[in-house]
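Colleague: The structure is given below, and queries will be raised subsequently.
The values are calculated or read from the model by the stated rules, or taken from the named source; none is laboratory data. Every value quoted in this text rests on a predicted model; they were computed, and no experiment measured them. Here the Cβ positions follow ideal geometry from the backbone for every residue, glycine too, while neighbour counts run over all protein chains shown.
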Amino acid sequence: MTSRRFLLFLLLAIPFAGAVSFGEQSRFKVLALYSDHAEPDHVQFAKEAVKFLTERAASEHFTFEVTNRWEDLNDDNLKAYQLIIWLNESPTHAEQRRAFERYITRGGAWLGFHAAGYNDKDTNWPWFVDFLGGTVFHINSWPPLPARLMIDDRFHPVTAGLPPHFESPANEWYVWKPNPRLNKHVRVLATFDASNYPMGFKDVLTSGDLPVVWTNTAYKMLYVNMGHGDKIFTSPMQNQLIDNAVNWLGMGATQHAAPESTGSRVSPTGIVLNPQTGKFYAVNARQGTVTVLDGDGHFLERVRVGEEPEAIAINPDTNRVYVANAGSGTVSVIDGATDTAIATVPVGDLPYTIAVNRSTNKVYVSRTFSNVTAIIDGRTNVARALKADVGDAVAADSVDNNTYLISYEAPQVTVLDARNDHISKIEAANHLWAIAANPATKKIYAVSAGSASVTLIDGRSHATRFVNAGEIPCAIAVDFSSGRVFVANYASNNVTVIDGVSDSVVRTVNVGPHPQAIAVDSDNHKVYVASTHAGTTTILDGTNNSVVGTVETGKAPFAIAVNNKTHKAVALGLQGDLTLIDGTTLATSSPSIPKSEP
């Protein structure tokens, strides 16, 4: 077993350190377990954690060993360690689980990071649910983003020496249900600060009490929400918290008691315009409806669709609106002439992104956690499945008949040829998040949130080049008249403007904090940039890339669409509220919408 661990360290390019110098006495002994078959960012975290803990073991005089052999969770082996750490997974075999339960009930200690605490209806381990505080995984934010954390208990050994708040690096934030704080045995040590809301671009956390570090005082344990990707150990404050946790648990973890509070919720939304009819269609994920406005922003209709609608797309040529319902695994088809739902198409679990190829009348629906894309025939409303990559974003080029899918987890763009379903891949930057196509120039733009860049793809040759953007670019829009491309940068609070001919950055324009949505009026070259955190929308003049003005647009504007004929935009907030913006005068108003349900 020791030689196995030694090999693991060599493979990870980490010097094996049992990890105390000769002549020094080890204060306690730690075994960390991880899986190299977990999702890539969780494996990357495990590697970074091993480096961090190896260094800490050498400097703080404890013995640290690591393995991916989960069969090492047995009675004979566990009794040698004062602390067991799960880096990115939990045991799935019954005998390993029982051995761990015995280890804990006999006084052993546990530290779990992020996915190590994951449990749901399929995990089937009631003891572990109780161990975590009677809570199970509910939802998570996406993609990984940094967040401000608040220390709940500054007198606990784990939080000793930390300031009241600190910035935690990019992470996928898990929400648990019921809230662990409601358990009288749970002591919450750190909480997600409310100033972070809304958090996420795809799976959006909008409000609520979200514990991120806690201990169940009935055991010697600590759960840490952080643990996604290679940035977790870049924060000195967070490193101190983890360092404190290892020492507290390794030295016996004296427990005391704890407080109480509430829960979190999510409401991703979307809005589109039908350029033929001038109507706006806005999704309300909470109500399971689509609100229809005319071109001037007046209320026309509210259409009942499926559960938790998240994405919406339109085929202007057929006047059909397609709504992906994440909660019910369906796509609702709305007749734009009558604004009624005329069909419900089953497409499989968690449909998320959707795009329409106008020339073939096909609708492409990607699904979260699935490498299957549903293709709906717009004439028959019948779906078929095509095995492709997971699509966090999808764009259709109706001229070349190609559909482009990108995934945050894969550094490549998947190309689906609509004529024959042929699949090809184009290498791109890592952690892709948004994509847009310009059929006129035959260029595709894939936004990389991870590398602060945009991958420019020639739609004919598939040749690529890279253009720098700001920090965590997350949204993109194309002015089809001028060819200019506008990229909203979430972390640097600005917009990168790219010349569509020279493929070079012509300007970077400062806007409101954390812009998350962007839309272009190609007729008068106005660009609308919604700042979710500030509750504002900044309007840019696309001809000279200057700020025209900034207007209040309700609580947490998260999506925006523009009518090029009336020069009016509608911003949609996470709570479902709508704000109309007059692009000429910059006056704003709220459409009068009946409160009754259909």
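Condition check ((1) closer than 25 Å to Ala559 by Cβ; (2) in a loop (DSSP other than H, G, I, E, B); (3) out of contact with any strand residue (DSSP E or B) (no Cβ under 7 Å at 6 or more places or on another chain)) across all residues:
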site	(1), (2), (3)
Ile426	no, no, no
Thr455	yes, no, no
Ala477	yes, no, no
Phe480	yes, yes, no
Ala488	yes, no, no
Ser502	no, yes, yes
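Colleague: If you take the residues in the range 525-556 that are more than 26 Å from the chain's Cα centre (by Cα) and among the β-branched types (Val, Ile, Thr), which one is surrounded by the most Cβ atoms within 10 Å (Cβ to Cβ)?
Modeller: Ile539
Colleague: For residues that are buried (at least 16 other Cβ atoms within 10 Å of the Cβ) and not acidic (Asp, Glu), scanning just the range 576-592, find the one that is modelled with the lowest pLDDT.
Modeller: Of everything passing the filter in the range 576-592, Gly576 is modelled with the lowest pLDDT.
Colleague: Looking only at the range 54-61, decide whether some residue is closer than 20 Å to Val224 by Cβ and small (Gly, Ala, Ser).
Modeller: Yes: one or more hits.
Colleague: Please find, among Val292, Val323, the residue that is under 22 Å from the mean Cα position of the chain (by Cα) and assigned to a strand (DSSP E or B).
Modeller: Only one candidate qualifies: Val323.
Colleague: Gly306 - would you say it is under 23 Å from Asp582 (Cβ atoms), part of a loop (DSSP other than H, G, I, E, B) and not aliphatic (A, V, I, L, M)?
Modeller: no
Colleague: One residue is enough: does the range 303-325 have a residue meeting the conditions farther than 22 Å from Ala393 by Cα and at pLDDT below 95?
Modeller: yes
Colleague: Based on this model, can you work out whether His138 counts as modelled with pLDDT of 90 or more, within 18 Å of the chain's Cα centre (by Cα) and surrounded by fewer than 17 Cβ atoms within 10 Å (Cβ to Cβ)?
Modeller: So His138 passes the test.
Colleague: Which residues, taken from the range 35-47, are surrounded by 16 or more Cβ atoms within 10 Å (Cβ to Cβ) and either farther than 30 Å from Pro411 by Cα or over 21 Å from the mean Cα position of the chain (by Cα) (or both)?
Modeller: Residues satisfying the conditions are Ser35, Lys47.
Colleague: So, in the range 504-517, how many residues would count as being at pLDDT 95 or above and in a strand (DSSP E or B)?
Modeller: Adding up the residues that qualify gives 6.
Colleague: Also, I was wondering about something else. Does the range 149-182 hold any residues that are basic (Lys, Arg) and in contact with a Ser or Thr (Cβ under 6 Å, 6 or more places away or on another chain), and which are they?
Modeller: Result: Arg181, single match.
Colleague: Restricting to the range 453-487, what's the tally of residues that are among the hydrophobic types (A, V, I, L, M, F, W, C) and under 15 Å from Gln516 (Cα atoms)?
Modeller: 8
Colleague: Take the residues in the range 204-218 that are within 20 Å of the chain's Cα centre (by Cα) and closer than 17 Å to Pro178 by Cβ; name whichever of them is surrounded by the most Cβ atoms within 10 Å (Cβ to Cβ).
Modeller: Leu210
Colleague: Hey, could you check the range 61-102 for residues that are acidic (Asp, Glu) and without any contact (Cβ under 8 Å) to a residue 40 or more places away in the chain and say which is farthest from Ala115 (Cα to Cα)?
Modeller: Of everything passing the filter in the range 61-102, Asp76 is farthest from Ala115 (Cα to Cα).
Colleague: Regarding the range 97-111, can at least one residue be identified that is among the basic types (Lys, Arg), surrounded by fewer than 16 Cβ atoms within 10 Å (Cβ to Cβ) and either at pLDDT below 95 or not assigned by TED's automatic domain parsing to the domain that holds Met199 (or both)?
Modeller: Yes, that holds for at least one residue.
Colleague: Taking Thr338 as the residue in question, decide whether it is buried (at least 21 other Cβ atoms within 10 Å of the Cβ) and either out of contact with any strand residue (DSSP E or B) (no Cβ under 8 Å at 6 or more places or on another chain) or in a strand (DSSP E or B) (or both).
Modeller: no
Colleague: Which ones in the range 296-307 are in contact with a strand residue (DSSP E or B) (Cβ under 6 Å, 6 or more places away or on another chain) and over 14 Å from Asp339 (Cβ atoms)?
Modeller: Passing the criteria: Gly297, Gly306, Glu307.
Colleague: Looking only at residues that are free of Cβ contacts under 8 Å to residues at least 60 places away in the same chain and closer than 13 Å to Leu210 by Cβ in the range 148-171, which one is surrounded by the fewest Cβ atoms within 10 Å (Cβ to Cβ)?
Modeller: Arg148
Colleague: Out of the residues in the range 180-193 that are surrounded by 23 or more Cβ atoms within 10 Å (Cβ to Cβ) and under 29 Å from Tyr490 (Cα atoms), state the one that is farthest from the chain's Cα centre (by Cα).
Modeller: This residue is Leu189.
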